[in-house]
Amino acid sequence: METAIEVDDLVVRRGKRRVLHGISCVVPRGSVTGLLGPSGSGKTTLLRAVVGVQIVGGGTVTVLGQPAGSPALRHRLGYLTQAPSVYPDLTVRENARYFARLYGLGAPDADRAVVDVGLGTAATQLVGTLSGGQRSRASLACALVGRPELLILDEPTVGQDPVLRAELWDMFHSMAARGSTLLVSSHVMDEAARCDRLLLIREGRLIADDSPTAVRAAAGTDDLEEAFLRLIKASAGSTASAGSTESTASTGSTESAGSTGNPESSTRTSEGTGAR
């Protein structure tokens, strides 16, 4: 299996608290992989690490054969943040054409992306006058304009109506069929069935990494949402045990660091802007 993303034992800390606990996973090329979990489970932190803009405390992230954040990735990767990353005082079309120029592309590429996200009729509107869902789509158009090999999408369907959500997912699969790789986060479990592969995280730990069919089979149910609930409940006990062990280990490590005068060091991925 050819991979687009390889994450190996990734640890992220905020202060003394671990946000990601040694996550390891791979994302196959040409797939739509869903990153799912409750709000606050670490989805955005993991996506930021893949893009290369997250300080990490350990482990490695390799993207398209390069360390995450490498300058060489900037024109190969598109990144859609949760908050729209567009200029409110420009029109939808002007935003898309601006990002197209950053890629060295022309107006037709920008205009195509605007139509692809369903904003053709709103192309001349100022982004600041759009609804929240429309602003998110304008931001998505800017991420799509360069036809990146890898798209990192942080909750792209939030605030969208059911018809548009279905159209966006159809577009995601069309892109994957043409060779692009998509990593899409969501906390809406009914979107999981639309993915080729699923990564389910809870409290910063990976508790499932498989196809939707295999996840259902592992949980012993045909209902995907029920499967997630069962996996989350099954992981709760092991998470508590692991947390207790980590706390003990952390205390010992802190005491050791205090006696030697060597505080814990951290590493950082090279920062890259991706395509925003």
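The values are calculated or read from the model by the stated rules, or taken from the named source; none is laboratory data. On a predicted model such as this, the values are computed, not experimentally measured, just so you know. Here Cβ is always computed from backbone atoms with ideal geometry, including for glycine, and neighbour counts include all displayed protein chains.
Some observations on this one:
- Screening Val11 against (1) part of a strand (DSSP E or B); (2) of a type outside the set (Phe, Trp, Tyr); (3) not assigned by TED's automatic domain parsing to the domain that holds Val158 leaves a single unmet condition, (3).
- Here Ala240, Ala217, Ala234 are screened, and the one residue that is in the same structural domain as Pro38 (by TED's automatic domain parsing) and at pLDDT 90 or above is Ala217.
- A single entry from Arg137, Arg93 fulfils the requirement of being modelled with pLDDT of 95 or more, buried (at least 20 other Cβ atoms within 10 Å of the Cβ) and touching a helix residue (DSSP H, G or I) at 6+ places or on another chain (Cβ under 9 Å): Arg93.
- Positions within the stretch 57-113 being assigned to a loop (DSSP other than H, G, I, E, B), of a type in the set (A, V, I, L, M) and under 16 Å from the mean Cα position of the chain (by Cα), in sequence order: Leu64, Ala68, Ala83
- Residue within the stretch 213-222 that is surrounded by 14 or more Cβ atoms within 10 Å (Cβ to Cβ) and touching a strand residue (DSSP E or B) at 6+ places or on another chain (Cβ under 6 Å) present: yes
- Test: residue in the stretch 174-181 that is surrounded by 21 or more Cβ atoms within 10 Å (Cβ to Cβ) and out of contact with any His (no Cβ under 6 Å at 6 or more places or on another chain): yes
- Pick from the stretch 57-80, criterion within 17 Å of Thr181 (Cβ to Cβ) and small (Gly, Ala, Ser), ranking: surrounded by the fewest Cβ atoms within 10 Å (Cβ to Cβ): Gly65
- Out of Val188, Val184, Val158, sole residue that is within 18 Å of the chain's Cα centre (by Cα), assigned by TED's automatic domain parsing to the domain that holds Leu47, buried (at least 22 other Cβ atoms within 10 Å of the Cβ) and closer than 25 Å to Asp223 by Cβ: Val184
- Residue count for the stretch 6-41 satisfying the condition of being hydrophobic (A, V, I, L, M, F, W, C) and within 21 Å of Ala193 (Cα to Cα): 6.
- Every residue from the stretch 114-163 that is part of a loop (DSSP other than H, G, I, E, B) and touching a Phe, Trp or Tyr at 6+ places or on another chain (Cβ under 6 Å): Val145, Gly146
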